[in-house]
Each structure stands twice: as structure tokens, then as C-alpha cells.
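Data block below; observations after.
The values are calculated or read from the model by the stated rules, or taken from the named source; none is laboratory data. Since the model is a prediction, treat every value here as computed from it, not as a measurement. In this analysis, Cβ positions are derived from the backbone assuming ideal geometry, glycine residues included, and neighbour counts consider all displayed protein chains.
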Amino acid sequence: MMLEYKTLQKNEMSLAKKLWATCFEEDSQEFINYYFANCVEDGSFIGAFFNGKLISMLQIKEYNQEYHGSSVKTGYLVGVCTEPAYRMQGYSKKLIYMALDTLKCKGIAFSGLYPFNYLFYEKFGYAVCNEKQIISIDKDQFSRFDTKSIEISIIDRINSEINTAELLKCYNGFISRFSGYIIRDEALMRINLQRHLINEKAGVLIAKENGMVVGYALFTRTDKGIIADEVVYTDKIVLAAIANRLRDDKYAVKLTVPSSDKINLYMDDPIDNVRCEPHTMGLLLDITKSFIISELEGLNERINIKITNNPVGENIEIYEISEHGIKKVIDVNYDIECDIATYSQLLWGYIGCEFAARDGLLKVNNYELLPAFESVIQEKSTYVFEMF
């Protein structure tokens, strides 16, 4: 019996497609064919082979992601799966550690994923770094808004009627309010639309006002109603128009929107119709790249922080943060301590220092330096659409 872990070659993609179809039964063959033809880079899959049979795999997808006002390369883990007969034997675990080592060797400081199970990925240091708000609407919830000026059209298949550039401009205007989002260009925007519309039950709603795109929604029709996972809007009136158009007498609609947008304040009856859920998870792979140097200008203190439970480093490491950057140090006392999951959440802006310290996630040994640490660690509104 032989077990081998390796990067999949082009001639092994048919094995990957077969395993994908086995593990992700909800994906149609049409979608799988499209995905592997358009969304797979050479060498992006790694897998475990048992006697020549592919039994477990994952894909590493690289995106440009907004981070502290800059664009950074982030490696997302996608399609993590194992054939049912070989599960619970550690194959995915080995592949995930291989992927993290690969990313770190390439100089990529950040990793993210959309988890099938949050507890599973916490073992690798990943932590929830943003959340989403889901609004369920089965009646008119926005009666206070006059939406007559908003023109709505729906497209069920990718074609020339979709002006990708206009949708991208709308996306950029919407998402720039947040931190941690995927930076799209027109090519990525078009791939996302095509991938979505492969599903025959999917559609794209486009909202215009005075001829300009002011919002859109990528939605899917299901037996239990309509689900819109990507909803973009310039204001609450546009959101109301989108919700009213997707809702009808037969189907409820579930809209996913940023949790920081307090939509319940504008709804007629928000009780039991609004909930927040965790979304993507993140992990900082290279602590020395925690900050953009410009963020540390004016930092007059030297802060020693102890990081524990780092899956791609030593179990316990101490780093010095100063105006010159961040570097690993040894044999020094530390001022602040946290595990890698908390540190990732702090750096992403998902939680703030005050919350982390109050809940015991951040242990402070030198309170005199806490204000200096808080000055470079700031809570932000984080959001990302991609479900990878």
C-alpha cells in the first residue's frame, strides 16, 4: 500500500473533477466543467493518492485582498474534500498543513476560507474574520420607501445585456466602505457572473436609476424561496426595490447584506426576520507582515507581543512592534499575549483590543503600552462576498 501527497498535474484533473462530483453533490456537472475550465490554475490542486487513487484534495486560489488600505496577496483554500470511505483519517489535515507551508514559502502572508465546519478549521489557527446579516422577507418590509424611480431587470443567462464594467463600478462603490474585501477586476467579475449563472435556477437582478446601475443581486431560486447571496446597493431605497422585486406572493426572499448595515432600522417588522452569521475565516501566516509600515509611523513605543498556537511557526513566539516594523525577538519579557486566532481577528479588524482584553482573548502584562497597541490595531467594518 502506498500513500503519496503531491501537486496534481494537468493529466490528473479528470480525477479531481470526479472527486469533486462525489463530495459536492449539489454542484451540477455543467458547473464542475465550467469551474475546472475557467477557475483552476495549473498546479493549484494538491492531493493525497492511495495506491494511485485520488482520495483527498484541496485547491489553493490566490486573490488580491484589501488589507489596511493596501492590496495584499491572499491564499484561499477551496474545495477541501475527501472521498467518504477515507474520511476521519487525517488526509485533509495533512493537505491543509502542506497548503499553509506552500503559501508561506511563496511569501503570502494571509490565508482565508469559507468553512464547511468552523470548529474543524479552528484547529489550524483559522478564526472568523467577518460576518454576514441575513434578512428574510415574505412581505413588504420597506413601505416607507418610494422605489418608483428604480428600474429593475432580470437576466437568467450571461450575455451581452450584462455590462460587466457597470456592475464592477457599482461593486467597487459599495465594497470600498469595508475592509478585507476581494479586489476584483473586470475579468474576475465576469467569471463570478458566469459561474453563478451556470445554475439554471440562478439569475442576476440589475437595478438602475436614470440609466445608471445603482445596485444588483445574484440570486438563486429554491424550493423554499429565493436566496440572494450577493446584494449590492447604493442606498436603502435601492435595497428596498431589490427586495420587493425578488419577493412575490409565493416565495420569500433571503438577502445577505453586511452586518454593519443596520437594515432592521428601516424594516416595518424586523422581529424574527434578521439574523447574523459568521462568514469567512482568516489566518495570518507571516506575523512580520502584520502591518503596513506607514501605519506604524509615530509609534514611539516598542511593544513585545507573545503569539501562541501558530500552526506555521513555533508554538510560542515573541515579536517586537515598533515604528520600524515588526520582528521576531528572543529572551525578552512580553507586554501582550494572544493566540494566532485572536491576533488574526485583531489584524483583520473583526474585533477590537477592548473587546479582546475584556473577554480574556488578549492578556495584558503592561497596561501602559496598551494605548500604543490600540493605536495601530483598530476595529473595522469587514465584509466579503466570495464563498469560494
Contact list, first residue from the range 240-254 and assigned by TED's automatic domain parsing to the domain that holds residue 264, second anywhere and aromatic (Phe, Trp, Tyr) and assigned to a helix (DSSP H, G or I), beta-carbon distance below 9 Å, six or more apart or interchain, is 240/266
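Just checking, which of 355, 373 is part of a helix (DSSP H, G or I) and over 19 Å from residue 130 (Cα atoms)? Lay out the reasoning, then the answer.
Working: 355 fails: over 19 Å from residue 130 (Cα atoms).
Just a single option satisfies the conditions, and that option is 373.
Please pick out the residue among 234, 220 that is under 23 Å from residue 195 (Cβ atoms), in contact with a strand residue (DSSP E or B) (Cβ under 8 Å, 6 or more places away or on another chain) and among the polar types (S, T, N, Q).
Details: 234 fails: under 23 Å from residue 195 (Cβ atoms).
220 is the lone residue from the list that is under 23 Å from residue 195 (Cβ atoms), in contact with a strand residue (DSSP E or B) (Cβ under 8 Å, 6 or more places away or on another chain) and among the polar types (S, T, N, Q).
Here are 339, 331: which of them is more than 26 Å from residue 71 (Cβ to Cβ) and touching a residue at least 12 places away in the same chain (Cβ under 8 Å)? It would help to see each step written out before you state the result.
Working: 331 fails: touching a residue at least 12 places away in the same chain (Cβ under 8 Å).
Result of the check over 339, 331: 339.
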The strands (runs of 3 or more DSSP E) lying wholly within the range 1-79 that contain at least 1 residues that are exposed (fewer than 15 other Cβ atoms within 10 Å of the Cβ) are 3-7, 53-67
The correct count of residues that are over 28 Å from residue 98 (Cβ atoms), assigned to a strand (DSSP E or B) and of a type in the set (A, V, I, L, M) in the range 308-345 is 3
Of the residues in the range 258-282 that are without any contact (Cβ under 8 Å) to a residue 24 or more places away in the chain and of a type in the set (A, V, I, L, M), the one that is nearest to residue 136 (Cα to Cα) is 271
* If we scan the range 189-201, do we find a residue that is touching a His at 6+ places or on another chain (Cβ under 6 Å) and either surrounded by 20 or more Cβ atoms within 10 Å (Cβ to Cβ) or within 28 Å of residue 264 (Cα to Cα) (or both)? -> no
Selection over the range 221-238 where residues are touching a Gly at 6+ places or on another chain (Cβ under 8 Å), farther than 15 Å from residue 175 by Cα and modelled with pLDDT of 95 or more yields a count of 1
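Let's see how each residue does on (1) over 30 Å from residue 185 (Cα atoms); (2) buried (at least 16 other Cβ atoms within 10 Å of the Cβ); (3) of a type outside the set (Gly, Ala, Ser):
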position: 288; (1), (2), (3): no, no, yes
position: 293; (1), (2), (3): no, no, yes
position: 326; (1), (2), (3): yes, yes, yes
position: 329; (1), (2), (3): yes, no, yes
position: 348; (1), (2), (3): no, yes, yes
position: 359; (1), (2), (3): yes, no, yes
position: 370; (1), (2), (3): yes, yes, yes
position: 383; (1), (2), (3): no, yes, yes
Among 144, 221, 157, 195, the single one that is in contact with a Cys (Cβ under 9 Å, 6 or more places away or on another chain) and among the charged types (D, E, K, R) is 195
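Matching residues to (1) under 21 Å from the mean Cα position of the chain (by Cα); (2) not polar (S, T, N, Q):
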{"site": "162", "(1), (2)": "no, yes"}
{"site": "165", "(1), (2)": "no, yes"}
{"site": "183", "(1), (2)": "yes, yes"}
{"site": "194", "(1), (2)": "yes, no"}
{"site": "222", "(1), (2)": "no, no"}
{"site": "226", "(1), (2)": "no, yes"}
